[in-house]
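The values are calculated or read from the model by the stated rules, or taken from the named source; none is laboratory data. Everything numeric in this text was worked out from a predicted model, so none of it was measured. Cβ placement follows ideal geometry from the backbone for every residue including glycine, while neighbour counts extend to all protein chains displayed.
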Amino acid sequence: MDKWKPLYHFMAPKHWMNDPNGPLYHQGVYHLFYQWNPDNDEWGNIHWGHAMSIDLVHWEHRPPALSPLREAGELHCFSGSCVIENGRPALFYTSVGEGDRDCRVGPQQWLAKGTNNLENWTRIKENPILQLSIHGELQVLDWRDPFVWKGENLWYMILGGSVHGKGCVLLYEGQSLEQWKYLGILAQGDDKVWECPNFFPLKWGEEQDRWVLLYSPIGSEDSRVHFRIGTWEPGKAFISQEEGVLDEGGKSGYYAATSFLGPDERRLVHGWISEETRKNHGASLGWNGCLALPREISLNAAGELVQRPVPELEVFRGAYEHWVNMNVKGLHLLATQGRGVELELFLKMPEDTDGRGAIIPPLEIQFFSSPDQTQKTVVQLDAQKHQLRVDRSKSSTLEGIDKSTLNLDLPSGPWNLRIFLDHSTFEIFVNDRYCLSGRVYPDHPDAHRIYLNCAQEGIWQVTELKAWILAEDLEEIRVRQEELLLGIDSEGQNP
Ligand code: FRU
């Protein structure tokens, strides 16, 4: 059903995709690789798909970078990362096979070198460059997803896995890209396995950089991408000072995040939005999974993690609606209707007027709503519980779709919201900091409306609301993109 197919999110040319892999900005071009099954809509036969972009939001598919090397017993090319060494692209991935090469007990880390356009990759003859025996007596399970960066003199690599039944990140040091030494466990938690680790410095005002660790836990209840912020330098332990969750979406909404350094020193992050929400529903659609919108992450003055969708996405903006000082009373229908929409709301928090704990009704943003309101997805802003909820109970009439409510805990207000909708995806950003991404699968033919709602008048004030139709006219967007690239504004002038 194409009515669920995202329009402005990155997707594989067809069939199954999962994690983003080895994103890289090289010679003016963004490259993106991803876990891809070219054969069908299920996970399997994992290749590294490849796409490139000049603006981070329009992608051109390229031939796959890696296919499993059957003659070496390889069945899947698992996740990894890319670096440039002396101008030459290098790609690290986890090679997985059957039996004693299986992903739990026998994965290996492999290296391939690429041509300048990142299109032709040759596995080096020294592979595997890391084997489990590198850990000596230590038993490491589910060892995968190399993330590599260059230090002042040496290379560093981290890998996810589990030691003594607990998810962890292991650290290695490389004299060269081919020769590695195990240094120890960088961080560990209570989850079963940690996947897709990332470790990078972020600027923090005049202070020394802070190091940020991202990881995706699996096998336990919590599958949300986590971050830890702290201090690290080679030879020293990573001292985590703050921990948090990048996105409440978890395995079905936002997972396997991976980052890279873009131009202008921006730390950019891609994540995967799966189709778990509809996994018990019906037939294949010819596609499965997409990437979340690229985000830029940084630290604010207080050293807290800030995340924003990249401004490049503004190129998708079309018809626009703008309100100021809107007192929400009952249902208010927006003029903006559609399945590809961006909303921005600045809210004045309700006051508990009598001070005796009167119930404050939530402000609701209802989207993908049918005209008769029988079908809708409802974002509820609860000022008393300091919570944002996404009520999906009426989001679809179809069986086998997860319609549970999703929760995002927030600090007390004020709250500013950005919401991106794309046919079946939603990504909600609050105060550039708290995120909830997920999926709904509306089946009503006319589930295009957006309403604001509050059961009681005079409670919630929207100081400003902006709404845009996104990616409605792709041809117009293409022209606008070209103009932007040429540095010409919409009146045809060079700014
Ligand atoms: C995360 C993950 C990675 C692994 C890849 C396999 O979603 O399980 O740990 O490399 O997917 O496709």
Looking at residue 276, is it of a type outside the set (Val, Ile, Thr), modelled with pLDDT of 95 or more and surrounded by 14 or more Cβ atoms within 10 Å (Cβ to Cβ)? yes
Residue within the stretch 30-48 that is more than 16 Å from the ligand (Cβ to nearest atom) and either surrounded by fewer than 23 Cβ atoms within 10 Å (Cβ to Cβ) or modelled with pLDDT of 95 or more (or both) present: yes
Quickly run through the stretch 143-170 and pick out the residues that are of a type in the set (Asp, Glu) and surrounded by fewer than 24 Cβ atoms within 10 Å (Cβ to Cβ). 152
Subset of the stretch 207-226 [in a strand (DSSP E or B) and either within 16 Å of the ligand (Cβ to nearest atom) or under 13 Å from residue 250 (Cα atoms) (or both)]: 213, 214, 215, 216, 217, 218, 226
Subset of the stretch 83-110 (residues that are away from the ligand (no atom under 16 Å from the Cβ), part of a strand (DSSP E or B) and of a type outside the set (Lys, Arg)): 83, 84, 85, 89, 90
Filter the stretch 280-325 down to residues that are out of contact with any strand residue (DSSP E or B) (no Cβ under 9 Å at 6 or more places or on another chain) and without any contact (Cβ under 8 Å) to a residue 24 or more places away in the chain and give me whichever is nearest to residue 225 (Cα to Cα). 302
Filter result for the condition that a residue is under 28 Å from the mean Cα position of the chain (by Cα), assigned to a strand (DSSP E or B) and touching a residue at least 40 places away in the same chain (Cβ under 8 Å), over 161, 167: 167
Which residue out of 393, 437 is within 20 Å of the chain's Cα centre (by Cα) and among the polar types (S, T, N, Q)? 437
So which of 472, 491 ends up being of a type in the set (D, E, K, R) and modelled with pLDDT under 60? 491
Log entry, pairs with first residue in the stretch 92-119 being under 22 Å from residue 28 (Cα atoms), second being among the small types (Gly, Ala, Ser) and in a loop (DSSP other than H, G, I, E, B), beta carbons closer than 8 Å, six or more apart or on different chains, reads 116/87
Taking the stretch 181-196 and keeping residues of a type in the set (Lys, Arg) and either within 16 Å of the ligand (Cβ to nearest atom) or under 22 Å from the mean Cα position of the chain (by Cα) (or both) leaves 192
Of all residues being surrounded by fewer than 22 Cβ atoms within 10 Å (Cβ to Cβ) and polar (S, T, N, Q) in the stretch 396-424, which is nearest to the chain's Cα centre (by Cα)? Just the residue, please. 407
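Rundown of residues vs (1) within 22 Å of residue 254 (Cβ to Cβ); (2) among the hydrophobic types (A, V, I, L, M, F, W, C), yes/no style:
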{"position": "21", "(1), (2)": "yes, no"}
{"position": "30", "(1), (2)": "yes, no"}
{"position": "49", "(1), (2)": "yes, no"}
{"position": "56", "(1), (2)": "yes, yes"}
{"position": "62", "(1), (2)": "no, no"}
{"position": "66", "(1), (2)": "no, yes"}
{"position": "79", "(1), (2)": "yes, no"}
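With respect to residue 79, is the statement that it is surrounded by 14 or more Cβ atoms within 10 Å (Cβ to Cβ), under 20 Å from residue 127 (Cα atoms), of a type in the set (Ser, Thr, Tyr) and more than 12 Å from the ligand (Cβ to nearest atom) true? Break it down stepwise before answering.
Values: surrounded by 14 or more Cβ atoms within 10 Å (Cβ to Cβ): yes; under 20 Å from residue 127 (Cα atoms): yes; of a type in the set (Ser, Thr, Tyr): yes; more than 12 Å from the ligand (Cβ to nearest atom): no.
So residue 79 fails the test.
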May I ask you to list pairs of residues, at least six apart or on different chains, whose Cβ atoms are under 6 Å apart, with the first in the stretch 391-411 being closer than 15 Å to residue 428 by Cα and the second being of a type in the set (D, E, K, R)? 392/403; 405/389; 405/391; 407/389; 408/248
Those residues of the stretch 238-292 which are part of a strand (DSSP E or B), farther than 15 Å from residue 4 by Cα and more than 16 Å from the ligand (Cβ to nearest atom), in sequence order: 239, 240, 241, 242, 243, 244, 245, 260, 261, 267, 268
Residues of the stretch 436-468 classified as in contact with a Gly (Cβ under 8 Å, 6 or more places away or on another chain), assigned to a loop (DSSP other than H, G, I, E, B) and buried (at least 23 other Cβ atoms within 10 Å of the Cβ), total: 0
Working carefully through the options 259, 223, 240, 284, find the one that is surrounded by fewer than 19 Cβ atoms within 10 Å (Cβ to Cβ), among the small types (Gly, Ala, Ser) and at pLDDT 95 or above. 240
Considering each residue of the stretch 200-227, count those that are within 16 Å of residue 273 (Cα to Cα) and in contact (Cβ under 8 Å) with a residue 40 or more places away in the chain, and give that number. 5
Of 119, 173, 178, the only residue that is on the phi < 0 side of the Ramachandran plot, part of a loop (DSSP other than H, G, I, E, B), surrounded by 12 or more Cβ atoms within 10 Å (Cβ to Cβ) and under 28 Å from the mean Cα position of the chain (by Cα) is 119
Subset of the stretch 274-298 [more than 21 Å from residue 429 (Cβ to Cβ) and among the hydrophobic types (A, V, I, L, M, F, W, C)]: 283, 285, 287
Residue under question is residue 266, and the condition is that it be in contact with a Pro (Cβ under 9 Å, 6 or more places away or on another chain) and either farther than 18 Å from residue 195 by Cβ or aromatic (Phe, Trp, Tyr) (or both); does it hold? no
Checked the stretch 313-327 for anything β-branched (Val, Ile, Thr) and buried (at least 16 other Cβ atoms within 10 Å of the Cβ); matches are 315
